[in-house]
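*Asks:* Encoded as structure tokens, here's the structure I'll be asking about.
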Amino acid sequence: MSKFAHLVVDTSAFIKNVQLQDFADTCYTVQGVLDEIKNDRQMKRLVVLPYALNVREPDPDVLAKVTGVAKKTGDFATLSLVDLRVIALTYQLESEHVGTGHLREEPVAAVTIASGQRPPEIAGSGKVQGFYDGGNRSRTGSEQVEVVDGEEELERKFAELSSKEAEELQETILKQVQEDGESAGEEEESEDGEDVEEGEDDGEDDDDDGWITPSNIKEVKRDFGTDLLEDNPSPVACMTTDFAMQNVLKQIGLHIAALDGRVIKHARTYILRCYACFKTTSDSSKVFCPKCGNKTLKKVAVSLDENGRQVIHINTRRPLTARHKNRPVSKFDGGKHSTNPLLFEDQPLPQQRISAKARAKTNALGDDYTAGYSPFVMRDVDSRSAVLRGKSNLKQWMKNYEYDNHRKGYKK
């Protein structure tokens with residue numbers, strides 16, 4: 001099994017303790033991936049890796065290009081900054097060792113046969129050749145069929161013939177019936193003999209049928225979707241189990257190294273759909289619906305049918321829920337450090353500026369530096385902005401309004 005020359009690794013590979021030296025010659029990652037590892041056991045494994053791990057950061061222009069593709073595919077809101085850096089590092093290594101001629105900057109829309117138009121063979125006659133429609137029992141509109149008794153018809157035909165012609169015809173029919181019976185008997189005997197021979201041959205061929213052998217292990221893994229490496233792998237690949245990352249990698253044209261067979265088969269493009277007014281938008285950075293203004297946008301997959309029309313795929317297995325939407329909204333507070341919930345798009349937000357003391361930097365070698373009573377860095381821990389620690393980025397249902405009201409001295 002051949003290896004990748006350069007493999008960019010995500011956090012999932014370190015969490016599952018994958019032996020990366022068996023899959024690649026050189027392994028890369030970003031510093032943010034290492035910072036995500038918090039478990040003591042995983043940290044100890046990370047210290048004593050049996051291979052060299054290169055920590056590298058992508059260039060800003062490559063990161064901006066990958067971010068643009070992620071916004072066009074609709075996965076930007078799902079990906080973190082570390083995920084975008086991992087994809088950008090894969091893109092940069094691909095451009096250095098292979099080139100960028102085969103890479104795409106625009107996502108490819110998936111094509112599906114989902115048109116409402118019927119095929120011509122069905123739309124014209126309502127019948128498909130080779131299929132029996134047992135559901136249609138009605139015989140209206142069909143031709144009238146005359147029922148004829150076979151014996152009476154034969155007797156009438158024979159009566160019209162002369163006696164000599166009737167005898168000759170009867171002898172011919174009997175001779176033909178005897179020949180057909182003899183030929184049918186010979187065919188049955190030959191078929192029985194062939195069945196015995198085939199059964200003996202099948203007994204010899206069925207020794208390896210259904211078993212996994214070294215000769216068919218690649219085909220079995222490919223059928224089950226658990227093949228980690230391709231037959232002729234690319235020099236650069238990325239190992240991750242994040243479906244959003246795999247979707248962006250596949251849309252760009254980068255190669256994916258599967259982990260435990262968890263790799264997507266088809267690339268998708270996502271848009272936002274409002275389940276209140278049913279309008280769609282391709283801007284994945286939107287939080288509120290641009291039509292009705294409600295916070296009712298949901299990510300859905302989109303594809304194109306054979307006529308070029310847009311088809312939306314709604315996941316009906318995840319029904320809409322009113323969870324976290326039946327709680328009362330707290331009273332809005334004023335001031336530059338208010339923590340009000342975000343309810344509409346043009347809502348004025350506090351700037352959450354830090355204090356002048358926190359902005360001050362201790363630069364002992366500067367020309368304007370004035371020596372104070374302490375040579376150490378002064379940290380702001382007493383001002384209101386330092387106490388609140390900028391909690392405005394929390395979601396509405398994650399905030400404890402009862403604790404905030406109790407802390408502020410409000411009476412219930």
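*Asks:* Once the other residues with Cβ under 12 Å from the Cβ of residue 270 are scored (Lys, Arg +1; Asp, Glu -1), what is the net sum? Before the final figure, lay out each step's value.
*Replies:* Details: positive: 71, 72, 268, 273, 298, 299; negative: 75, 283.
Combined, the nearby Lys, Arg, Asp and Glu give +4.
*Asks:* In the structure shown, do any of 44/265; 3/299; 71/291; 72/295; 65/336; 3/298 have a Cα-Cα gap over 32 Å, and if so which?
*Replies:* Details: 44/265 35 Å; 3/299 37 Å; 71/291 20 Å; 72/295 21 Å; 65/336 36 Å; 3/298 40 Å.
Beyond 32 Å between Cα atoms: 44/265; 3/299; 65/336; 3/298.
*Asks:* Would you mind getting me the FRET efficiency between residue 275 and residue 106? Use the beta-carbon distance for r and R0 = 35 Å, nearest 0.05.
*Replies:* 0.80
*Asks:* Mind checking the stretch 6-67 for trypsin sites (Lys or Arg not before Pro) that DSSP puts in a loop (not H, G, I, E or B) and that have at most 14 other Cβ atoms within 10 Å? Display every interim value, and only then the final one.
*Replies:* Numbers: sites: 16, 38, 41, 44, 45, 56, 65; in loops: 16, 38, 56.
Those that pass, being in a loop and sparsely packed, are 16, 38, 56.
*Asks:* Please give the length that would be gained between residue 286 and residue 305 if that part of the chain were fully extended, namely 0.36 nm times their separation in residues minus their C-alpha to C-alpha distance (nm, one decimal).
*Replies:* Taking 0.36 nm per residue and subtracting the Cα distance, the gain is 4.2 nm.
*Asks:* Next question. Stretch residue 54-residue 346 to full length: gain in nm at 0.36 nm per residue minus the Cα-Cα span?
*Replies:* Extra length available between residue 54 and residue 346 comes to 100.6 nm.
*Asks:* How high is the FRET efficiency from residue 298 to residue 213, r the C-beta distance, R0 45 Å, rounded to 0.05?
*Replies:* So, using R0 = 45 Å, E works out to roughly 0.40.
*Asks:* Here's a follow-up. Under a crude label model (7 Å from the Cα following the beta-carbon direction), how far is residue 34 from residue 16 in nanometres?
*Replies:* If labels sit at residue 34 and residue 16, their model points lie 2.3 nm apart.
*Asks:* Report, by chain and number, residues whose modeled amide H sits under 5 Å from the one on residue 269, excluding near sequence neighbours (fewer than 5 apart, same chain).
*Replies:* Distant-sequence amide H within range of residue 269: 110, 302.
*Asks:* Next up: With no solvent and one equal point scatterer placed on each C-alpha of the stretch 1-77, evaluate the Debye formula and give log10 I(q)/I(0) for q = 0.15, 0.18, 0.23 Å⁻¹, two decimals.
*Replies:* Rounded to two decimals, the profile gives -0.64, -0.85, -1.09.
FYI, it's all coordinate maths here, none of it is from the lab. These numbers come from a predicted model, not from an experiment. Neighbour counts run over all protein chains shown; Cβ positions are idealised from the backbone, glycine included.
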